[in-house]
């Protein structure tokens with residue numbers, strides 16, 4: 001779920017005394033390419049753990065913070081519940097989390113335009129200008145199936161975490177953030 005680590009520089013600037021970032025992702029190649037291409041100056045502070053976020057064996061109370069940017073939409077509700085349990089398990093007491101995801105802004109008057117952008121335009125831009133990459137080919141389907149972060153918020157609450165659910169950009173993105181009680 002670490003993907004290409006778009007958030008890493010922001011975390012490192014916000015928390016300059018942070019010991020290290022443990023980037024958990026099922027794809028080691030994605031991590032290696034991200035560090036080489038985007039994060040070379042931070043390489044010594046970022047370690048990669050090749051693992052499935054739903055099955056990680058990170059120790060209990062391992063992390064001060066868990067962050068995910070745009071990794072939730074590929075998980076169904078059952079998998080989101082498993083992930084919520086993992087977040088609760090690996091967070092230290094008092095630790096915090098923030099997860100944001102592209103969402104389907106039901107009820108928004110411009111939703112049809114947004115849906116067309118996700119379903120048709122973004123995949124074509126990627127195909128023609130990003131050397132045929134496939135990162136956005138399924139984003140329309142994923143966001144439609146995902147809906148919003150509401151289920152993830154409930155799953156995190158059920159896992160014992162304090163949770164705040166927010167809508168961003170008219171509901172085009174939703175986030176959950178909070179902390180593990182001390």
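Taking 0.36 nm per residue of separation and subtracting the current Cα-Cα distance, fully stretching the chain between residue 162 and residue 56 would add 35.9 nm. On the basis of the beta-carbon distance and an R0 of 25 Å, residue 138 and residue 64 show a calculated FRET efficiency of 0.15. With one equal scatterer per alpha carbon and no solvent term, the Debye-computed log10 I(q)/I(0) for segment 63-102 at 0.28 1/Å reads -0.99.
With neighbours defined as other Cβ atoms within 10 Å of a residue's Cβ, the residues 104, 182 order from fewest to most as 182, 104. So if the hydrodynamic radius of segment 93-182 is defined as the Kirkwood radius over C-alpha pairs, what does Stokes-Einstein give as its diffusion coefficient at 4 °C and 1.567 mPa s, in µm² per second? The diffusion coefficient I find is 90 µm²/s.
Protection proxy ranking for 106-113, 165-172, using the average of other Cβ atoms within 10 Å per residue and placing the highest first: 165-172, 106-113. As a length-normalised measure over Cα pairs under 8 Å and 6 or more apart, the relative contact order of segment 1-73 settles at 39 percent. Both the radius of gyration and Dmax for segment 14-121 are 16.6, 46 Å, in that order, over alpha-carbon atoms.
Would you kindly calculate the translational diffusion coefficient of the chain, applying Stokes-Einstein with the Kirkwood radius from alpha carbon pairs, for 25 °C and a viscosity of 0.890 mPa s, and quote it in µm² s⁻¹ without decimals?
Estimated via Stokes-Einstein, D reaches 142 µm²/s.
How much length, in nm to one decimal, is gained on full extension between residue 27 and residue 129, taken as 0.36 nm per residue of separation minus their Cα-Cα distance?
Full extension of this stretch gives 34.4 nm more.
For an R0 of 41 angstrom, estimate the FRET efficiency from the Cβ-Cβ distance between residue 47 and residue 109 and round to the nearest 0.05. Spell out each step's value before the answer.
Values: r = 45 Å, r/R0 = 1.10.
Taking R0 as 41 Å, the efficiency between residue 47 and residue 109 is 0.35.
Each peptide among 64-73, 85-94 gets the average number of other Cβ atoms lying within 10 Å of its residues, and from highest to lowest they stand as 64-73, 85-94.
Any read-out appearing in this document is the output of simple, stated calculations on the displayed coordinates, not a laboratory observation. Bear in mind the structure is a predicted one, so any value in this text is a computation, not a measurement. Here Cβ is always computed from backbone atoms with ideal geometry, including for glycine, and neighbour counts include all displayed protein chains.
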